[in-house]
Amino acid sequence: MNQNQFQSLAGPKLIHEAIWIQAPGRINLIGEHTDYNHGFVFPASIDKKMYFGITHNGESGENWIWAYNLDKEATFKSGDYNPEGSGWEKYLQALIQIWIEKGYPSPSVRLAFGGDIPLGAGLSSSAAMGTGFIYGLSKLMGIEIDRWDIVKIAQAAEHKIGANVGIMDQFAVLFGKESHAMKLDCRDHTFDYFPVNLPNHQLVLINTKVSHSLAESAYNDRRAATERVLAFLKDQNPKIETLRDISLDGLQAYRDQINPLDFMRVENVLEENSRVQQAAEALASNDLKSFGSLLYQSHEGLSKKYEVSCEELDILVDLAKKEEAVLGSRMMGGGFGGCTINLIEKNAAEEVAKRIMDSYKDITHLEPEVYFVSIEDGVKEIS
Ligand code: GLA
């Protein structure tokens, strides 16, 4: 589905002249489960998008929503929150509630949304939805809002519906820039754009087509584990405010006092942070071989130490390793399914992706999907 198709179907349903917004999905080159640990991430926004048409809905205080991909409608009052509601409806209610809590005027909108970001693929369709909607709302109401405030509203709405996520996804969707990845410091929120010009290589996502149900609880568990260790370290040394304030060597000194599983999780966070730094240097100096090897190392850590991979992701990465034209491959996003991100030599990319997918099908009897992604701008208004 493209922008024109969406607009021609959604336009009549919105009745009045609408404001149109697009919000992309995101990839993350490297730096996983580091954002909520005040570490580094390296995401970019991509050419898979969610579109929104938004307009006023009179004075009723009611919102009317149309979810294009599901062809479902919902109506609810601003401020209402029904925890039993369907996922997207509950999420929109949470977004509106938080918007109001922040002191913005209570909205009454007609909203249509839909797009081509695959669900459950780890490409942050939900961050696209949250940030795109709030951005559209601010445009419709003529309210100037800082993009970082949108990040925080969308993140708070995720927390409200039970996903204790960090800020990477919302940040990536809002701040993305064509042909650039962003290295974000999640401690002080400073970031740098890195050009991603790959004349001879291609970023390829392969979707396992699984999304295991334990993802959300395991995500929250991992977050709780690293926060537990941080609390302990703070007690030991008041100079430690975040996991960024301790080195790998420094951490070793506490090995005997921390439960081994928690220790291993935190060790991986520190290692992953250092991999992001190295990967940024490698990319800047066009050393794609080192960059690719860091992707493999990242996967190993996420699979063996942080334990957020799954059999299907591991199979894809193992198959990638057998291919000479693949420089690196790893699970991407929260884990337990979704996509791997692969850096592949351009002239072999199609053939290699096909071979990996065929073998994956033989082993798992699942139907994977492949996306040759390009990096595009973050959330913006479209005509
Ligand atoms: C999900 C979360 C992000 C981040 C990643 C893992 O995508 O939404 O905040 O924690 O997982 O890196």
- Item | Beta bridges by DSSP in the chain, antiparallel share as percent, to the nearest 5 | 90
- Among residues other than His365 whose Cβ falls under 13 Å from its Cβ, what is the net charge (Lys/Arg +1, Asp/Glu -1)? -3
- Pair Asp245, Glu73: separation of 7 Å Cα→Cβ label points (nm): 5.5
- Estimated FRET transfer efficiency when R0 is 22 angstrom, pair Met264-Glu216 (beta carbons, to 0.05): 0.55
- Task: Could you order peptides 327-335, 310-318 by the average number of other Cβ atoms within 10 Å of their residues, highest first?
- Result: 327-335, 310-318
- Item | 5 angstrom amide H check on Arg330, placed H, neighbours 5+ away | Ile341
- Determine the gain in length on full extension of the stretch Asp80-His56; use 0.36 nm per residue of separation and subtract their C-alpha separation, reporting nm with one decimal. 6.8 nm
- Of Lys49/Lys304; Lys160/Lys289; Lys209/Lys305; Lys49/Lys183; Lys304/Lys354; Lys72/Lys160, pairs whose Cα-Cα distance is over 30 Å: Lys49/Lys304; Lys160/Lys289
- Determine the shape class of the stretch 330-380: with a ≥ b ≥ c the square roots of the Cα gyration tensor eigenvalues, call it rounded for a/c under 1.5, and otherwise prolate if a/b is greater than b/c, oblate otherwise. oblate
- Residue by residue, what Karplus-based ³J(HN,Hα) values in Hz, rounded to whole numbers, does the stretch 62-79 have, using 6.51, -1.76 and 1.60 with θ = phi - 60° and x for Gly and Pro? 9, 10, 10, 10, 10, 9, 3, 5, 9, 6, 10, 10, 8, 10, 7, 7, 4, x
- At what distance in nm do the modelled label points of Glu178 and Lys354 sit from each other, each positioned 7 Å from its Cα along Cα→Cβ? 3.1
- Task: Would you mind checking which residues have amide H under 5 Å from Thr208's amide H? H placed 1.01 Å from N; only 5 or more apart, or other chain.
- Result: Gly338, Cys339, Thr340
- Item | Local net charge near Val326, Cβ-Cβ under 14 Å (Lys/Arg +1, Asp/Glu -1) | +1
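Show me 39-45, 228-234 ranked by packing, highest mean number of other Cβ atoms within 10 Å first.
Those peptides, ordered most packed to least, come out 39-45, 228-234.
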- Hey, how many Å between the Cα centroid of the stretch 51-88 and the Cα centroid of the stretch 255-286? 41
- Gyration tensor verdict on the stretch 168-241 (Cα atoms; rounded if a/c is under 1.5, prolate if a/b is larger than b/c, oblate otherwise): oblate
- Quick one: net charge around Gly132, please, counting Lys, Arg +1 and Asp, Glu -1 for every other residue with C-beta under 11 Å from its C-beta. +2
- Task: Please work out, to two decimal places, the log10 of the ratio I(q)/I(0) at q = 0.13, 0.17, 0.23 Å⁻¹ from a Debye calculation in which every Cα of the stretch 246-370 carries one identical scatterer.
- Result: -0.58, -0.89, -1.30
- Grab the Cα-Cα distance for Ala284 and Ala163, subtract it from 0.36 nm times how many residues apart they are, and report the gain in nm with one decimal. 40.2 nm
- Amide H contacts of Val196 (H built 1.01 Å from N, under 5 Å, at least 5 apart or other chain): His180, Ala181
- Note on the structure: Any GluC sites (Glu not before Pro) in the stretch 91-177 that lie in a DSSP loop and have at most 14 other Cβ atoms within 10 Å would be Glu144
- Task: Given the peptides 68-80, 296-308, arrange them by the average over their residues of other C-beta atoms within 10 Å, most packed first.
- Result: 296-308, 68-80
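The numbers here are math on the coordinates, done by the rules we state, and not lab data. Just so you know, these numbers come straight off a predicted model, no measurement behind them. Quick reminder, even Gly has a Cβ in these numbers, built from the backbone with ideal geometry, and neighbours come from all protein chains shown.
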